[in-house]
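Colleague: Starting off with a structure, shown below.
The values are calculated or read from the model by the stated rules, or taken from the named source; none is laboratory data. From a predicted model like this one, the values you see are computed outputs, not experimental measurements. Note that each Cβ is placed from the backbone with ideal geometry, even for glycine, and that neighbours are counted across all protein chains shown.
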């Protein structure tokens with residue numbers, strides 16, 4: 001009899017390949033959502049809170065500064081550019097909605113990747129989310145100081161000196177406003193998730209009212225002639241504007257990080273994700289229409305504070321400009337709060353799986369908050385925002401986000417094939433076409449980013465792989481004898 005060839009489809013138990021591809025069963029993810037070695041998070045958030053978390057993380061600096069960049073590229077067709085960018089974001093949002101309702105875990109796309117692609121892919125996804133959430137919080141906080149100066153100048157005629165509003169290397173000693181806003185957000189998060197959600201809801205209402213105020217003033221100066229020709233730079237200009245504007249939609253996935261704190265996650269998470277994206281898209285298109293109708297598109301060139309300039313030219317006066325600046329300050333503070341919240345929950349899930357130290361998954365019994373996790377992340381991000389010129393590291397947040405989005409789309413396709421019996425409160429229509437298209441568009445957007453951004457991203461990934469090899473792989477919960485991982489496929 002001829003000798004039987006050794007199997008090659010599956011990795012040997014205990015081999016490096018089996019460790020890197022071991023998957024965490026969906027049932028284990030769901031069981032972990034209700035218990036843990038360091039305690040569990042409390043389910044206190046309703047659909048309204050979840051929707052406001054996503055809006056708070058999405059609706060921020062983008063709409064207040066992005067028109068100055070997108071209108072010169074697209075012309076009046078920037079309104080359609082917002083629609084196209086929203087459709088691209090929608091493809092990934094549909095996948096998030098399906099998985100968030102099916103796997104309501106704090107880890108968001110990190111947990112989805114763990115269940116479908118294996119531990120190494122999950123670590124890479126989680127490390128991308130650390131870049132997306134943690135570094136972007138610092139970058140947004142740096143921009144907050146600039147808007148604070150604009151508000152102070154418009155109201156009391158004074159500004160914070162560069163020495164105390166710029167980091168070393170950018171003409172200052174420390175960025176004090178950036179430090180302050182992160183510390184304040186950390187203190188709010190320490191009080192509890194319900195209190196944090198209420199504060200975020202109030203801030204979201206303020207920034208929506210500020211944008212509606214802008215629209216009311218801008219439409220008084222609306223001229224239909226400013227919209228013709230609609231495509232002065234052709235369809236290519238409209239498409240280029242959509243690529244620029246896509247990053248204004250990043251943040252809608254924040255609600256998925258609250259999966260373990262939602263009262264009815266299977267029902268509310270998909271609805272919150274889709275509703276928040278719809279509200280943000282409508283607001284973006286309304287503001288863009290009012291802006292290009294009130295001011296000829298060629299005059300947007302080199303204008304960062306486009307909304308304030310339009311209000312001033314429309315006769316809104318210093319009071320309206322001051323209110324708009326206040327809305328921008330509140331908008332950015334809301335982004336800092338909600339994105340910092342998401343960062344803490346991602347590390348919480350990774351810590352519970354043993355990939356990062358257990359300190360990050362200990363929950364305070366009184367507040368139901370991972371207190372040590374919140375303090376460590378808050379202190380680290382505040383220091384980063386105060387003294388480090390972020391530069392290309394901040395730009396790399398976009399590529400990390402797109403990579404995580406692509407993995408979520410792939411996870412939908414895999415789970416449809418491997419676990420079709422799992423209950424799904426929401427199903428992506430036209431699957432697998434829609435998730436595959438969503439993943440392809442994310443990859444295309446990644447390839448359109450500059451070489452310097454890719455260099456920083458690859459350096460960040462190399463650092464993450466070193467940390468995984470030195471700590472995560474050895475301490476993984478699935479590597480313990482008591483765990484029963486699903487064999488890699």
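Colleague: Would you check if residue 311 is at pLDDT below 90, touching a helix residue (DSSP H, G or I) at 6+ places or on another chain (Cβ under 9 Å), within 18 Å of residue 55 (Cα to Cα) and part of a helix (DSSP H, G or I)?
Modeller: no
Colleague: For the stretch 434-447, which positions are surrounded by 12 or more Cβ atoms within 10 Å (Cβ to Cβ) and either without any contact (Cβ under 8 Å) to a residue 12 or more places away in the chain or farther than 20 Å from residue 135 by Cβ (or both)?
Modeller: 434, 435, 436, 437, 438, 439, 440, 441, 443, 444, listed by residue number.
Colleague: Also, quick follow-up: Go through the stretch 1-25 and give me each residue that's at pLDDT 60 or above and assigned to a loop (DSSP other than H, G, I, E, B).
Modeller: Of everything in the stretch 1-25, those that are at pLDDT 60 or above and assigned to a loop (DSSP other than H, G, I, E, B) turn out to be 14, 15, 22, 24, 25.
Colleague: Going by what's in this entry, would residue 426 be described as in a helix (DSSP H, G or I) and touching a helix residue (DSSP H, G or I) at 6+ places or on another chain (Cβ under 9 Å)?
Modeller: Judged against the criteria, residue 426 is not a match.
Colleague: On to the next question. Return the pair list, or none, for Cβ contacts closer than 6 Å from residues in the stretch 408-430 that are free of Cβ contacts under 8 Å to residues at least 40 places away in the same chain to residues that are part of a helix (DSSP H, G or I), at least 6 apart or on different chains.
Modeller: Qualifying pairs under 6 Å: 413/435.
Colleague: Residue check, residue 184 against (1) modelled with pLDDT of 85 or more; (2) under 27 Å from residue 460 (Cα atoms), all met but one. Which one?
Modeller: Just one mismatch for residue 184, condition (2).
Colleague: Considering every residue within the stretch 395-412, establish whether at least one is surrounded by fewer than 22 Cβ atoms within 10 Å (Cβ to Cβ) and in a loop (DSSP other than H, G, I, E, B).
Modeller: Looking for residues that are surrounded by fewer than 22 Cβ atoms within 10 Å (Cβ to Cβ) and in a loop (DSSP other than H, G, I, E, B), one finds none in the stretch 395-412, hence no.
Colleague: Being in contact with a helix residue (DSSP H, G or I) (Cβ under 7 Å, 6 or more places away or on another chain) and in a helix (DSSP H, G or I) is the filter here; which residues of the stretch 167-188 pass it?
Modeller: 176, 177, 178, 179, 181, 182, 183, 185, 186, 188
Per-residue answers, yes or no, for (1) in contact (Cβ under 8 Å) with a residue 12 or more places away in the chain; (2) crowded, with 22+ Cβ neighbours inside 10 Å; (3) within 17 Å of the chain's Cα centre (by Cα); (4) part of a loop (DSSP other than H, G, I, E, B):
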{"residue": "256", "(1), (2), (3), (4)": "yes, yes, yes, no"}
{"residue": "260", "(1), (2), (3), (4)": "yes, yes, no, yes"}
{"residue": "273", "(1), (2), (3), (4)": "yes, yes, yes, no"}
{"residue": "288", "(1), (2), (3), (4)": "yes, yes, no, no"}
{"residue": "322", "(1), (2), (3), (4)": "yes, no, no, no"}
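Colleague: In the stretch 171-190, which residues are more than 25 Å from the chain's Cα centre (by Cα) and surrounded by 14 or more Cβ atoms within 10 Å (Cβ to Cβ)?
Modeller: 172, 173, 174
Colleague: Here is a follow-up. Could we say that residue 445 is at negative phi, modelled with pLDDT under 90 and assigned to a helix (DSSP H, G or I) here?
Modeller: Yes; evaluated as a whole, the condition is true for this residue.
Colleague: Please pick out the residue among 94, 67, 59, 117 that is over 30 Å from residue 18 (Cα atoms) and more than 17 Å from the chain's Cα centre (by Cα).
Modeller: Just one listed residue meets the conditions, 67.
Colleague: Those residues that are modelled with pLDDT of 90 or more and assigned to a loop (DSSP other than H, G, I, E, B), I need them from the stretch 26-82; list them, please.
Modeller: Selection gives 44, 46.
Colleague: I'm trying to understand the selection: among the residues of the stretch 380-398, which are within 27 Å of residue 113 (Cα to Cα), under 18 Å from the mean Cα position of the chain (by Cα) and at pLDDT 85 or above?
Modeller: Answer for the stretch 380-398, where residues must be within 27 Å of residue 113 (Cα to Cα), under 18 Å from the mean Cα position of the chain (by Cα) and at pLDDT 85 or above: just 381.
Colleague: For the stretch 290-308, give me each residue that is assigned to a helix (DSSP H, G or I) and at pLDDT 85 or above.
Modeller: 290, 291, 292, 293, 294, 297, 298, 299
Colleague: Next question. What is the residue count in the stretch 102-134 for residues that are assigned to a helix (DSSP H, G or I) and buried (at least 24 other Cβ atoms within 10 Å of the Cβ)?
Modeller: Here the count works out to 20.
Colleague: Which residue out of 202, 243 is crowded, with 18+ Cβ neighbours inside 10 Å and either part of a helix (DSSP H, G or I) or touching a helix residue (DSSP H, G or I) at 6+ places or on another chain (Cβ under 7 Å) (or both)?
Modeller: 243
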